[in-house]
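Asks: This is the structure, below, for whatever I ask next.
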Amino acid sequence: MIRILATMMLCLLPAGHVLAQPLVIAHRGASAYLPEHTLPAVAMAYAQGADYIEQDVVLTRDDVPIVLHDLYLETTTDVAERFPGRARDDGHYYAIDFSLAEIRTLRVGERRKNGEAAFPGRFPVDVNILRVPTLAEEIELIQGLNQSTGGDVGIYVELKQPGFHAAEGRSFPASVLQILYAYGYRGADDRVFLQCFDEATLRFLKDHTEIRLVQLIEDKALTAARAQQIAGYAQGAGPWIGFLTDQPEFVVAAQEAGLLVHPFTFRADALPRGVNSYRALLDRFIRNMQVDGVFTDNPDLTRRYVDSLSR
Ligand code: G3P
Ligand code: CA
């Protein structure tokens, strides 16, 4: 009740009165400006002031964790031209059917949907000059920048579709943990989160690592009971902003259960219906709901907003 009253009062306050500093989590890098999950997009996110940079991870045929959002390659690379005939019967070119050496030959461009730019107005969709990074390479870039700039930017790794990887006979969580441990990410105090939509995978991870875990949620069940349940195996919850808009009380329930709340995805060029500016979107979730961090394609705008609150 106290939190609810406090939240209502904060709605009435002018900018500059919010107490906490929410995390700016660069969603697939600075993906509003450069093709997602490429090293330039990571460097840009870093320079724009992200606190954490997100990596979606899948495995190659030779079990190397690479940074790629989809299980398949054709939505962001030229795989269909370079490897004709290598699609499965469903028409998709699965990363897990390609060796790292083969994936290194691919060129990455802006995400396509039905052959067209998924986000018109972003980086030109016909410019394919970038590459698919491994998780290790992306970590080396972030850690290198931490050293050269004196920064402390963290990583925020998502295991994509563990059920698919298990069906392919892979030890997906183990392959990812091996890389994280090799680069010094081991404990709850390290600048790392592991996120997943799959509860069973998070419960498995809870028993095998001290790294903080985040339950991603894309269903409507945002209840206090769900928050309590998640708190039994994870340190955070990542709900989709669409459902959280309708159930803002979940933020208080989750925080009272001890969870961080990091909703996704905040995009200046794809605002939810009824929201007329990116600032209004951030006001709703950061100033009013007081979430603990946001996944954003626009780290620059979000950094500026968050910094303005603490002035
Ligand atoms: O991981 C948070 C958010 O990225 C989940 O959605 O599909 O963009 O990975 P997706
Ligand atoms: Ca993700």
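Asks: Restricting the search to the stretch 172-190, which residues are more than 15 Å from ligand 1 (Cβ to nearest atom) and in contact (Cβ under 8 Å) with a residue 60 or more places away in the chain? Outline the logic, then answer.
Replies: In the first step, residues of the stretch 172-190 are kept if they are more than 15 Å from ligand 1 (Cβ to nearest atom); the result is 172-175, 177-190.
Listed by number, the residues that qualify are Phe172, Ser175, Ile179.
Asks: Taking Thr201 as meeting all but one of (1) more than 16 Å from ligand 2 (Cβ to nearest atom); (2) among the polar types (S, T, N, Q); (3) outside any loop (DSSP other than H, G, I, E, B), write down the number of the exception.
Replies: For Thr201, the exception is condition (1).
Asks: OK, next. When you go through Phe250, Phe243, Phe193, Phe197 one by one, which is the residue that is more than 17 Å from the chain's Cα centre (by Cα), within 14 Å of ligand 1 (Cβ to nearest atom) and under 26 Å from Pro299 (Cβ atoms)? Working first, answer last.
Replies: Details: Phe250 fails: within 14 Å of ligand 1 (Cβ to nearest atom); Phe193 fails: more than 17 Å from the chain's Cα centre (by Cα); Phe197 fails: more than 17 Å from the chain's Cα centre (by Cα).
Phe243 is the lone residue from the list that is more than 17 Å from the chain's Cα centre (by Cα), within 14 Å of ligand 1 (Cβ to nearest atom) and under 26 Å from Pro299 (Cβ atoms).
Asks: Which residue pairs have Cβ atoms under 9 Å apart, sit 6 or more places apart or on different chains, and have a first residue in the stretch 94-118 that is aromatic (Phe, Trp, Tyr) and a second that is assigned to a helix (DSSP H, G or I)?
Replies: Listed by first residue and then by second, the contacts come to Tyr94/Phe164; Phe98/Val79.
Asks: Next question. Any residue at all in the stretch 54-62 that is without any contact (Cβ under 8 Å) to a residue 40 or more places away in the chain and surrounded by fewer than 16 Cβ atoms within 10 Å (Cβ to Cβ)?
Replies: Yes, the stretch 54-62 has at least one match.
Asks: Just to be sure before I move on: is Asp269 buried (at least 17 other Cβ atoms within 10 Å of the Cβ) and under 22 Å from Ala30 (Cα atoms) in the structure I sent? Please lay out each step first, then the result.
Replies: Values: buried (at least 17 other Cβ atoms within 10 Å of the Cβ): no; under 22 Å from Ala30 (Cα atoms): yes.
For Asp269, the condition - buried (at least 17 other Cβ atoms within 10 Å of the Cβ) and under 22 Å from Ala30 (Cα atoms) - is not met.
Asks: Glu116 versus (1) in contact with a Leu (Cβ under 8 Å, 6 or more places away or on another chain); (2) surrounded by fewer than 16 Cβ atoms within 10 Å (Cβ to Cβ): which is the lone unmet condition?
Replies: (1)
Asks: I would also like to ask the following. Is there any pair linking a residue in the stretch 243-271 that is touching a residue at least 40 places away in the same chain (Cβ under 8 Å) to one that is of a type in the set (Phe, Trp, Tyr) and in a helix (DSSP H, G or I), with Cβ under 7 Å and at least six apart or on different chains, and which?
Replies: Cβ pairs passing all conditions: Leu244/Phe250; Ala268/Tyr278.
Asks: Here's something else I'd like to know. Applying the selection to the stretch 287-310, what residues are part of a loop (DSSP other than H, G, I, E, B), crowded, with 18+ Cβ neighbours inside 10 Å and either of a type in the set (Gly, Ala, Ser) or away from ligand 2 (no atom under 16 Å from the Cβ) (or both)?
Replies: Met289, Gln290, Val291, Asp292
Asks: Next question. Name the residue that is farthest from the chain's Cα centre (by Cα), counting only residues in the stretch 60-103 that are in a strand (DSSP E or B) and within 16 Å of ligand 1 (Cβ to nearest atom).
Replies: Taking the stretch 60-103 and keeping what is in a strand (DSSP E or B), we get 65-67, 72, 77, 94.
Okay, now just the ones that are also within 16 Å of ligand 1 (Cβ to nearest atom), so 65-67, 72.
On the way: Pro65: 16, Ile66: 14, Val67: 11, Tyr72: 18 Å.
For the stretch 60-103, the residue satisfying everything is Tyr72.
Asks: Among the residues of the stretch 212-242, which ones are out of contact with any helix residue (DSSP H, G or I) (no Cβ under 6 Å at 6 or more places or on another chain), under 28 Å from Gln178 (Cβ atoms), within 16 Å of ligand 2 (Cβ to nearest atom) and of a type in the set (A, V, I, L, M)?
Replies: Scanning the stretch 212-242 gives Val214, Leu216, Ile217.
Only the coordinates and a few stated rules stand behind these numbers; no lab work does. Quick caveat, the model's predicted, so the values are computed rather than measured. Quick reminder, even Gly has a Cβ in these numbers, built from the backbone with ideal geometry, and neighbours come from all protein chains shown.
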